[in-house]
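The values are calculated or read from the model by the stated rules, or taken from the named source; none is laboratory data. Predicted model, so just to flag it, every value in this text is computed and none were measured. Note: ideal-geometry Cβ built from the backbone for every residue, glycine included; neighbour counts use all protein chains shown. Ligands, DNA and RNA are excluded from the accessible area calculation, which covers all protein heavy atoms including side chains. Shrake-Rupley method; radii C 1.70, N 1.55, O 1.52, S 1.80 Å.
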Amino acid sequence: MTTTVATPSQRYRDSFPTPVEEFAIEGLDVLDVPLHSAVLPSSPEHPGGSGLGYGATREEARTGALGEMAEMALSVRAHQHGERLQASYAELTRREGADRVADPRTLCLEAGSDYDDDRPLQWLPMTRLRDGERALVPAELVASAPQDLPGDPPPGGWLTTVITNGQGAAFDADRAVTHALLEVLQRDGNATAFRAMDCGVVVDLAGLRDPDALDLLARLDAAGIEVVVKLASTDLGVVDVYAVGCSRDGSEAVPVMATACGEAAHPDRDTAVRKALHEFASARSRKAFMHGPYEAVLPATPPGYLEHWRTGHPPERLVEEDRALEAMLAWTRMGTGALTDLLGDSVLARRETVRLTDLPTWSGSPDHADLHGRVTGAVHDAGHDVLVELQPSVGEAVAAKVLVTGLEVETMSYGRIGERGVRRLLDRGDPLVAVGADPGGWARVHLTAEGQERLGGPAWFDRAGADRRVGALYPLYREPGRHVVAEVLAR
């Protein structure tokens with residue numbers, strides 16, 4: 001008797017109610033790398049979600065799409081009926097004890113916000129991985145989408161915009177947590193080291209051994225697409241890299257494809273480069289699919305998809321973030337040449353080179369528990385706490401939301417910065433931060449007393465200067481939702 005073993009993609013698929021609308025996205029680029037779309041429509045049975053996936057094979061891409069869909073859908077499901085506790089940090093620490101409440105100052109708040117210990121917040125429980133104890137965390141930092149926060153906000157509003165950082169999905173808790181934690185480390189490592197803040201550190205790929213990565217590099221070159229891998233960081237035991245580039249002749253069918261980027265963080269340099277390259281290659285099609293005009297998207301999608309999407313799945317709020325939408329609309333009026341000129345001094349800059357073979361490597365299995373131990377151990381050894389919320393499905397799939405105390409995210413888009421970000425910018429001599437007296441109308445960085453002592457005084461962030469630095473590059477940080485640009489252009 002032959003037993004058929006379900007593929008990972010099918011295991012994800014079987015964890016959710018029917019129907020799941022999914023299809024391969026094909027024909028948007030000269031290099032047709034696997035890209036897959038999966039959508040679970042919202043219904044009384046499940047709140048729904050969507051995902052796009054990529055990989056070296058169609059199965060990898062389908063698994064990625066359904067895994068991303070699972071992250072979104074399970075996060076909304078976990079919070080749609082959950083009660084949130086409302087109180088100030090000061091109240092909670094008196095009632096619960098300081099070790100049972102996460103200090104918001106350790107979770108990268110917006111510089112200049114009016115947070116203090118007496119401000120009423122809403123809180124959700126997470127589990128501290130180090131000791132398995134429960135810790136209360138501000139709800140907007142646990143959430144991954146606005147839909148995760150039904151009902152009214154606290155009296156003073158939310159602390160910051162909800163973001164998707166720190167999500168992972170798998171078929172066991174440790175793998176989901178590892179996936180989510182690597183995303184947190186990736187975004188911490190490049191928070192002020194790429195996009196508008198690109199340091200131009202190019203990785204010389206001589207010595208790369210991963211066969212999938214080498215094959216993709218050859219295919220990109222044959223298709224006339226020039227790609228460069230750049231280094232953001234090697235902090236906390238991971239190699240944090242990103243891949244950028246565009247066609248040599250400016251022939252992108254949809255100009256926004258020239259802004260494609262693939263990011264990755266992993267203890268092993270070859271694994272990180274492989275992931276970054278595959279994400280870059282698929283991001284070209286993803287950008288065209290997400291933000292291209294309907295006439296470009298139509299041939300790459302199944303019959304009836306766009307009509308059904310526009311009637312049954314209206315685009316995410318057209319004004320979900322005016323700055324992102326307006327900036328992306330401006331990009332649609334630019335050709336590939338103008339866009340690459342815009343990126344020349346930042347994203348595409350080459351200022352120094354490091355050798356791949358000088359970066360950390362690791363021989364552990366990516367599918368084994370030792371990856372979980374390696375990554376969490378490095379974070380704990382550096383003095384950071386890993387906070388976890390598990391979000392199970394009705395099947396095998398489980399999603400995780402992870403926060404890490406002290407790590408940074410969204411500094412240039414939302415002004416979120418803490419001690420770690422200030423130190424990194426100080427070490428680079430970047431004029432966006434200062435320690436001591438307010439340079440004049442700057443935003444004060446929220447620090448713990450210990451953090452302020454380590455820095456040598458209060459810290460300040462030039463939010464207006466950061467906005468100027470980002471300028472027209474804002475769509476590199478925040479993008480409108482699926483087909484929102486096309487819908488606006490069609491009106």
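Give the lysines whose C-alpha is closer than 22 Å to that of residue 230, dropping any in the same chain fewer than 8 places away, or say none.
275, 287
Determine the share of the stretch 192-241's accessible area contributed by carbon and sulfur atoms, expressed in whole percent, with a 1.4 angstrom probe.
Carbon with sulfur: 48 percent of the solvent-accessible area.
Work out, step by step, the length gained on full extension between residue 394 and residue 152: first 0.36 nm times the residue separation, then minus their alpha carbon distance; give nm to one decimal.
Gain on stretching residue 394 to residue 152: 84.3 nm.
Which distance in Å, rounded to a whole number, links the C-alpha centroids of the stretch 260-300 and the stretch 151-186?
Distance between centres, Cα-based: 21 Å.
What percent does the relative contact order of the stretch 60-156 come to when contacts are Cα pairs within less than 8 Å and at least six residues apart?
In percent, rounded to a whole number, it is 33.
Under a point spin-label approximation (7 Å from Cα along Cα-to-Cβ), what is the residue 130-residue 334 distance to one decimal in nm?
4.4
Excluding residue 83 itself, what net charge comes from residues whose Cβ is under 14 Å from its Cβ, given Lys and Arg +1 and Asp and Glu -1?
Net charge around residue 83: -1.
Can you list residues from other chains, or at least 5 along the same chain, whose modelled amide H is less than 5 Å from the amide H of residue 203?
Residues meeting the criterion, in which the H sits 1.01 Å from N, are 229, 230, 231, 354.
Pull up all non-local amide H partners of residue 130: gap of 5 or more, or a different chain, and H-to-H distance under 5 Å with H placed in the peptide plane.
Result for residue 130 returns 386.
Pull up all non-local amide H partners of residue 25: gap of 5 or more, or a different chain, and H-to-H distance under 5 Å with H placed in the peptide plane.
Amide H neighbours of residue 25, under 5 Å, 5+ apart: 35, 36, 37.
Taking 7 Å along the Cα-to-C-beta vector as the label spot, tell me the residue 350-residue 435 distance in nanometres, rounded to one decimal.
Each label point lies 7 Å from its Cα, and together they span 3.6 nm.
Rounded to a whole number, what % of the accessible area of the stretch 332-491 do carbon and sulfur atoms account for, probe 1.4 Å?
The computed percentage sits at 48.
In Å², what does the accessible area per residue of the stretch 41-157 work out to with a 1.4 Å probe?
42
What list of ³J(HN,Hα) values in whole Hz, one per residue of the stretch 11-21 in order, does the Karplus curve 6.51 cos²θ - 1.76 cosθ + 1.60 (θ = phi - 60°) give from phi, with Gly and Pro shown as x?
3J(HN,Hα) across the stretch 11-21, in whole Hz: 5, 4, 4, 6, 8, 9, x, 8, x, 9, 8.
Leaving out ligands and nucleic acids, note down the accessible area per residue over the stretch 333-481 with a 1.4 angstrom probe, in whole Å².
45
Using Cα pairs closer than 8 Å and at least 6 residues apart in sequence, work out the relative contact order for the chain, in percent.
20
For the stretch 1-85, which whole percent of the accessible surface, found with a 1.4 angstrom probe, sits on carbon and sulfur atoms?
53
Where the centre of each part is set by its Cα atoms, how far does the stretch 212-226 sit from the stretch 440-461, in angstrom?
Here the answer is 46 Å between Cα centres.
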